[in-house]
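Participant: Starting off with a structure, shown below.
Any read-out appearing in this document is the output of simple, stated calculations on the displayed coordinates, not a laboratory observation. Only a predicted model underlies this, so the values are computations on that prediction, with no experimental measurement involved. Quick reminder, even Gly has a Cβ in these numbers, built from the backbone with ideal geometry, and neighbours come from all protein chains shown.
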Amino acid sequence: VRYDSLPKAISQIIIIILISNYTYINYKMSSSTKTNSRKFKWSLDFNKNKNDRISLSEMPSAPGYNPSLNVTSIEASKDSDPNHLIIKKSWDIALGPLKQVPMNLFIMYMAGNSISIFPIMMVGMLIVRPVKALFSTQLTFKMIEGSQAAGQKFVFFLGNLANIILALYKFHSMGLLPTHASDWLAFVEPQTNMESTGGGFAWS
């Protein structure tokens, strides 16, 4: 082996390796270009000019995507909207006194008209709670005021006023309100019942 020919042989080998690598790289690039030239209906080409690009409305939907579901998602997003939740919570508070009216009517029926400690306590709570709620109206709606605050406060006021009227009617039926002249004047005789009836049993 001649040592003076070794550098020439090594340089030829290096040149051959470089040429083969260059050829392989060109081949891969050309094959990838051919692959990318295949266009799918949902593919996006970001290399186009602005004039050649299509709008989102003209773009076909991706596989498995249903455009009608977007409407449902928009309606569902309203429930998570902070303003919508604030208004809903405010209306729940405003309608609270009106929702208590049926329960108060049941309590009034169960209390009866007898003068004793328990009926007086039960009817007393019917008038104390609405009065306290009316005095704390501003505090109740302070943290959750929305765009419909005026109407909500009005409904809240009407509901508590209805409960107060029911309680006053119950006090009147129990005889605890001074609504007759004999309650104020000593020389006026109290009213007497013309008739009184009671329940009975039917025997066969």
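Participant: Restricting attention to the stretch 82-92, which residues are exposed (fewer than 15 other Cβ atoms within 10 Å of the Cβ) and touching a residue at least 12 places away in the same chain (Cβ under 8 Å)?
Facilitator: Listed by number, the residues that qualify are Asn83, Lys89.
Participant: Within the stretch 122-133, count every residue that is surrounded by 15 or more Cβ atoms within 10 Å (Cβ to Cβ) and either closer than 15 Å to Asp92 by Cβ or hydrophobic (A, V, I, L, M, F, W, C) (or both). Reasoning before the result, please.
Facilitator: Narrowing the stretch 122-133 to residues surrounded by 15 or more Cβ atoms within 10 Å (Cβ to Cβ): 122-123, 126-127, 129-130, 133.
Narrowing the set further to residues that are either closer than 15 Å to Asp92 by Cβ or hydrophobic (A, V, I, L, M, F, W, C) (or both) leaves 122-123, 126-127, 133.
So the answer is 5.
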